[in-house]
């Protein structure tokens, strides 16, 4: 019996660098991705404290503003996905041979997908009035900043022009030192 060819998802996962040994030893940053995905999934939890449990209703303008920020984040994510194209990888280790993208969404900041995730998290927190979701957002800041720094070390080694790009382009959020570490 001849072995069947790998299905396209298997090829894509291998191209991104996923492997069982990598899940054990974090060789391509798998643990950063796992933490990111867990925090994003946790945003599906119900708000805590429950709206109204403190004796007041969450202001409608804040809830609507949060929904707008969430939609803005989703729009930015689509834009970043489209600009990154074939260089897209969920791991912080860039794919071998991937082009360095510095235009479009990547001309505004070096990690627009992380920016979009943080905006979505903020939007959910505001829309729900949830301290739990605010805490999840703050944890996402830590995880995404760490993941971006790891990614940047690899990008510096792969792309000679990355240092110049990094010097003039904000990391995730301009003006916030923990999310913008230009050199």
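The values are calculated or read from the model by the stated rules, or taken from the named source; none is laboratory data. Here the structure is a predicted model, which is why all the values come from computation and not from measurement. Glycine gets a Cβ as well: all are built from the backbone with ideal geometry, and neighbour counts include every protein chain shown.
Quick look at the numbers
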quantity: Qualifying residue in region 30-37 (condition: outside any loop (DSSP other than H, G, I, E, B), out of contact with any strand residue (DSSP E or B) (no Cβ under 6 Å at 6 or more places or on another chain), under 16 Å from residue 123 (Cβ atoms) and at pLDDT 90 or above); calculated: no
quantity: Lone qualifier among 76, 45 - being assigned to a helix (DSSP H, G or I), out of contact with any strand residue (DSSP E or B) (no Cβ under 6 Å at 6 or more places or on another chain) and touching a residue at least 12 places away in the same chain (Cβ under 8 Å); calculated: 76
quantity: Only one of 86, 139, 96, 157 that is surrounded by fewer than 17 Cβ atoms within 10 Å (Cβ to Cβ), part of a loop (DSSP other than H, G, I, E, B) and either at pLDDT below 95 or within 13 Å of the chain's Cα centre (by Cα) (or both); calculated: 96
quantity: Residue in region 114-133 that is modelled with pLDDT of 95 or more, crowded, with 20+ Cβ neighbours inside 10 Å and either out of contact with any helix residue (DSSP H, G or I) (no Cβ under 8 Å at 6 or more places or on another chain) or farther than 30 Å from residue 57 by Cβ (or both) present; calculated: yes
quantity: Residue 172, sole failed condition from (1) under 12 Å from the mean Cα position of the chain (by Cα); (2) assigned to a helix (DSSP H, G or I); (3) buried (at least 19 other Cβ atoms within 10 Å of the Cβ); calculated: (2)
quantity: Qualifying residue in region 118-129 (condition: over 30 Å from residue 47 (Cβ atoms) and touching a residue at least 24 places away in the same chain (Cβ under 8 Å)); calculated: no
